[in-house]
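Working notes for the structure below.
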Amino acid sequence: MVKIKEGIYDLKRQDNQGESETLFRLDTKPRKLSEFEKACHFNQTSPESHFTQREIVSLATLDGRVTLSGNSLIVTRHEAKQKTNVSNSEKPSVLEQYFDIHINHYDK
């Protein structure tokens, strides 16, 4: 985490060549919920948002994250990623096992 200026911090990652990229910017300024309305609308409805391009569910865990994106299950634990292809018939059990989401029927 790099302090950019008072109340603003960047989370950066450095590659093997020493080049860094900003992964996330944190601004500690208090915000109103209404300030996020446009971005939320974009993420939920725009064809340009990756959230509208395929099914995606993601859950932070104590030691990483679990994500089901399309037909890929990605389990990250302690920065180690394991990617598994999931068939459509397996999705209901994956959703139940990893996300506690129970569905009776899946038609994709």
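Read the figures in this text as sums done on the coordinates, not as results from a lab. Here the structure is a predicted model, which means the values were calculated and not measured. Glycine gets a Cβ as well: all are built from the backbone with ideal geometry, and neighbour counts include every protein chain shown.
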Practice task
Please report Arg65, Arg13 as a ranked list, fewest other C-beta atoms within 10 angstrom at the top and most at the bottom.
Solution key: Arg13, Arg65
Problem - Cβ-based exposure ranking for His41, His102, in which fewest neighbours within 10 Å come first - result: His102, His41
Problem - the stretch 41-57 - phi-based ³J(HN,Hα) in whole Hz, Karplus 6.51/-1.76/1.60, Gly and Pro as x - result: 4, 4, 4, 8, 10, 6, x, 8, 7, 5, 6, 9, 8, 7, 5, 8, 9
Exercise for the section: Using label points projected 7 Å from each Cα along Cα→Cβ, tell me how many nm separate Ser20 and Lys5, to one decimal. Expected result: 1.8 nm
Exercise for the section: Write out the trypsin sites (Lys or Arg not before Pro) in the stretch 18-63 meeting two conditions: DSSP loop, and at most 12 other Cβ atoms within 10 Å of their Cβ. Expected result: Arg31, Lys32, Arg54
Handout entry: Length added when fully stretched, Ala60-Phe36, from 0.36 nm per residue minus Cα-Cα
Key = 6.5 nm
